[in-house]
Amino acid sequence: RIFVLKNQFRSAEMRGQADKAEEFAKQIKVIDPTFEVQKLRDEIAMHKLANKYFEAITSETKSDHKKMSDELAPKLKCQPEIANNIAWAILTNDSIKERDTEFATRVAKQAVEDTNWKAAHIIDTYARALFDSGKKQEAIETQEKALAIAQDAHKADIERTLKSYKEGKLPTSQ
């Protein structure tokens with residue numbers, strides 16, 4: 001029941017239906033008095049901003065995505081998976097018209113720091129951001145760190161990517 005109510009709350013917030021959202025929040029509080037409404041609102045606001053940012057960087061028209069990225073970056077602190085996904089999309093999504101490698105590098109680095117350099121896939125994204133930013137040697141060193149902690153399932157991909165970086169190119173499947 002609480003899961004459904006939280007989804008209804010999120011949906012109402014995303015659509016700007018404050019009265020409905022507040023009603024769902026009250027129902028949730030009855031079931032779970034520790035529910036932090038503002039924390040969920042902040043998460044929703046971050047997702048809205050991320051969506052707006054992606055609309056801007058995939059649009060054919062010029063946008064002020066830099067201002068949005070400055071607003072979005074601090075909201076991604078302590079959200080390493082979300083930050084990683086955003087950085088990876090910026091770096092690899094073919095629909096991106098304005099590839100903001102500076103922002104991708106910044107949030108990927110934050111994600112790496114938030115995980116204390118213990119998540120190979122996040123380190124891999126940071127290495128890609130460095131590579132795409134022209135920092136090839138730093139990308140190689142970072143990819144080597146990812147390889148050192150990679151689990152079997154991802155080790156081959158990370159190793160292949162490292163080999164490509166050493167050759168000065170992106171892996172062919174990326």
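The values are calculated or read from the model by the stated rules, or taken from the named source; none is laboratory data. On a predicted model such as this, the values are computed, not experimentally measured, just so you know. All Cβ positions, even for glycine, are placed from backbone atoms using ideal geometry, and neighbour counts span all protein chains on display. The area values use the complete protein model at the heavy-atom level, side chains included, leaving out ligands, DNA and RNA. Shrake-Rupley method; radii C 1.70, N 1.55, O 1.52, S 1.80 Å.
Return the inverse of the average 1/r over all pairs of distinct C-alpha atoms in segment 4-126, which is the Kirkwood hydrodynamic radius, in Å to one decimal.
One over the average 1/r among Cα pairs gives 15.7 Å for segment 4-126.
Specify the longest stretch of the chain that does not include any exposed loop site, a site being one of the trypsin sites (Lys or Arg not before Pro) with a non-H, G, I, E, B DSSP assignment and at most 14 other Cβ atoms within 10 Å.
My reading of the result: 119-168 is the longest stretch.
Short version: what are the Cα gyration tensor semi-axes of segment 67-174, square root of 5 times each eigenvalue, largest first, in whole Å?
So the equivalent ellipsoid measures 21, 16, 11 Å along its semi-axes.
Give LYS20/LYS62; LYS62/LYS136; LYS66/LYS169; LYS67/LYS163 a once-over and call out the pairs whose C-alpha atoms are over 31 Å from each other.
Among LYS20/LYS62; LYS62/LYS136; LYS66/LYS169; LYS67/LYS163, the Cα-Cα distance tops 31 Å for LYS20/LYS62; LYS67/LYS163.
Leaving out ligands and nucleic acids, and using a 1.4 Å probe, what accessible area per residue does segment 1-124 come to in Å²?
58
Under a straight-distance cross-link criterion of Cα-Cα below 27 Å, which lysines are reachable from LYS26, leaving out those fewer than 8 residues away in the same chain?
By straight Cα distance, LYS26 reaches LYS6, LYS39, LYS48, LYS75.
What is the percent carbon and sulfur in the accessible area of the chain, measuring with a 1.4 Å probe over the protein chains and ignoring ligands?
Within the chain, the accessible surface is 50 percent carbon and sulfur.
Counting only protein chains, not ligands or nucleic acids, how are ASP70, ASP19, ASP114 ordered by accessible area (probe 1.4 Å), most first?
Ranking ASP70, ASP19, ASP114 by accessible area, largest first, yields ASP19, ASP70, ASP114.
Within the chain, which is the longest segment that contains none of the GluC sites (Glu not before Pro) sitting in a DSSP loop with at most 15 other Cβ atoms within 10 Å?
99-166
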